[in-house]
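Enquirer: For reference, the structure I am asking about is given below.
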Amino acid sequence: MNVDFGMLYHSFGNIFTLNVMFLIVVGVTGGIVVGALPGLTATMGVALLIPLTFGRPPVASLSMLMGIYTGAMYGGAISAILIRTPGTPAAAATILEGYPMCKKGMAGSAMAMSLFSSFIGGIIGCAIMIFMSPLISGFALEFGPVEYFALAIFGLSVIISVSGRSLVKGMMVGFFGLLLSSMGLDPISGYPRFTFGFSELMEGPNFIPTLIGLFAVSEVIANIEKMLKTEKVKAKLNQYLPSWSEIKRSTGALIKGSLLGTVIGSIPGAGGDIAAFVAYAETKRSSKTPELFGTGMVEGVAATEAANNSCQGGAMIPLLSLGVPGDAVTAVLLGAFVIQGLQPGPLLYKDHMDLVYAIFAAMIVAQFVMQFVGMVGMRFFAKVILIENAILMPMILVLSMIGSYAMRGNVFDVGLTIVFGIIGFLMQKYDFPLSPILLALILGPMAESNLRRALVISGGHASILFSRPIAIVLMVLAVTFLVLSIFTHNKIEKRLAELAVKDDDMTLT
């Protein structure tokens, strides 16, 4: 499919009407709020607001939903940076550098970079979606159980990059996460495993309560310990864009994150959370100062936010081209298309090309609206860190409980959040990294279910895992990334040891 620039130009004319622009602004603003509140994911935001599209023309309805999608993907970074609680799973990787920047008094800088990176990633994702839809969707169509298993293994190879100082502790946490991911119904036989009699664990530990417990509740418990000793974070509240030097430092991370996010997002079932962790790991691996990652590196924020926001364009590619949702949000959007009497897939391009281009235009416009709304609201978002801990911590705890309950309306999930909050607190206390658990919970079920399916197809012969070109490439990339990550980790340890020796020499002199 060649791009029809005339039709694209005409589509922008349809978007720049008072009614449609108003709906996009409402959608983006609502999406940011939903994304920033722990537990209220982009998927939930789109699902909740679909009823508002009833009776509206397809262009207006889908434009508003694109706005919600765009706003929510950025909104998750706000709470991740300010209160160490990712508003959406895709923002979990943003904590790794965003929250340390906030603690150093650079909250304004971190938030400005997250907004700018979200905008750049979203624009690049949209551009690739427009120009490369047929090619990338054809690539995604080649994915079967073998390829998904290889993709999961490639994602799990990132664990070393997010393990902190101790590889052993990182691997231990990763294996613990894989053990947790095995809870629930067996993916082939349907037999319940490790549920301990709780029907709520039939699908395994719910991801959102687990995420909130590990990062939000654990932080609340940690702050209760040091409430009287904690110094108040000071931050500039008037930074709306990253500085030129920060943009120059982060250019490579922005480009790599955007490209990785779009490609990974175009693979059905992958999603922004995987893309963000992979982009972060690659940025850390290729950095000249990898030993500083984890202390508040703006490049890390740029990579993760560019990746998870470019996933939006990537996930729309298989939805529009094949009728196959790229992630949970586009699965809900598929329902919105059907409500409008439309069937995504090849026939959509044939029979409703004008609507396809209107969606392209709406997504691009939504990125600019997100940048504007984000800049307007920046001062108000950043003021969260000025609230006294004695007030802020109970607020975070209450929001965490509400977010956990809202996902399924189940009190069991609230208890799960508290349990994982205690686990997260103990892990932090003894210097165990938290991020490997998230990766394992995301990728463990994908790896197991697709491995089992592949072995069923082959009659139990493991050779099937090395019989498909895409799977072989992903496996080779996983091994290569693993080796390079170990090398990078050793380099970090060596540099830190040298710095420690220098500090000792300066102390003696």
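The values are calculated or read from the model by the stated rules, or taken from the named source; none is laboratory data. These numbers come from a predicted model, not from an experiment. In this analysis, Cβ positions are derived from the backbone assuming ideal geometry, glycine residues included, and neighbour counts consider all displayed protein chains. Heavy atoms of the whole protein, side chains included, go into the accessibility calculation; ligands, DNA and RNA do not. Shrake-Rupley method; radii C 1.70, N 1.55, O 1.52, S 1.80 Å.
Enquirer: Quick one: in segment 29-72, which of the residues that are open to solvent by 20 Å² or more (accessible area, probe 1.4 Å) and not hydrophobic (A, V, I, L, M, F, W, C) is modelled with the highest pLDDT?
Expert: T29
Enquirer: Let me ask another. Tell me whether segment 183-202 contains one or more residues that are touching a helix residue (DSSP H, G or I) at 6+ places or on another chain (Cβ under 7 Å), aliphatic (A, V, I, L, M) and either under 25 Å from E305 (Cα atoms) or at pLDDT 85 or above (or both).
Expert: Within segment 183-202, one or more residues are touching a helix residue (DSSP H, G or I) at 6+ places or on another chain (Cβ under 7 Å), aliphatic (A, V, I, L, M) and either under 25 Å from E305 (Cα atoms) or at pLDDT 85 or above (or both).
Enquirer: Kindly provide the set of residues from segment 73-91 that are open to solvent by 10 Å² or more (accessible area, probe 1.4 Å) and either without any contact (Cβ under 8 Å) to a residue 60 or more places away in the chain or outside any helix (DSSP H, G or I) (or both), ordered by number.
Expert: Within segment 73-91, R84 is the sole residue that qualifies.
Matching residues to (1) surrounded by fewer than 17 Cβ atoms within 10 Å (Cβ to Cβ); (2) of a type in the set (A, V, I, L, M); (3) touching a strand residue (DSSP E or B) at 6+ places or on another chain (Cβ under 9 Å):
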site	(1), (2), (3)
V419	yes, yes, no
I422	yes, yes, no
Y430	yes, no, no
G444	no, no, no
L451	no, yes, no
A454	no, yes, no
G460	yes, no, no
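Enquirer: Now, a different point. Looking at segment 116-139, can you tell me whether even one residue there is of a type in the set (G, A, S), open to solvent by 30 Å² or more (accessible area, probe 1.4 Å), within 30 Å of P469 (Cα to Cα) and modelled with pLDDT of 85 or more?
Expert: Within segment 116-139 (the criterion being of a type in the set (G, A, S), open to solvent by 30 Å² or more (accessible area, probe 1.4 Å), within 30 Å of P469 (Cα to Cα) and modelled with pLDDT of 85 or more), the answer is yes, since at least one residue qualifies.
Enquirer: Also: Could you count how many residues in segment 179-193 are within 17 Å of A447 (Cβ to Cβ) and open to solvent by 70 Å² or more (accessible area, probe 1.4 Å)?
Expert: Let us first name the residues in segment 179-193 that are within 17 Å of A447 (Cβ to Cβ), namely 179-188, 193.
Those left that are additionally open to solvent by 70 Å² or more (accessible area, probe 1.4 Å): 179, 185, 188.
Summing the residues that are within 17 Å of A447 (Cβ to Cβ) and open to solvent by 70 Å² or more (accessible area, probe 1.4 Å) in segment 179-193 gives 3.
Enquirer: Something else about it: Within segment 114-135, which residues are closer than 16 Å to Q367 by Cβ and either aliphatic (A, V, I, L, M) or not in a helix (DSSP H, G or I) (or both)?
Expert: Matches in segment 114-135: L115, I120, I123, I124, A127, I128, M129, I130.
Enquirer: Write out, first by first residue and then by second, each pair whose Cβ atoms fall under 6 Å of each other, whose residues are 6+ apart or on separate chains, and whose first residue, in segment 243-259, is under 10 Å from T283 (Cβ atoms) while the second is open to solvent by 40 Å² or more (accessible area, probe 1.4 Å) and at pLDDT 90 or above.
Expert: Matching pairs, first to second residue: L254/I120.
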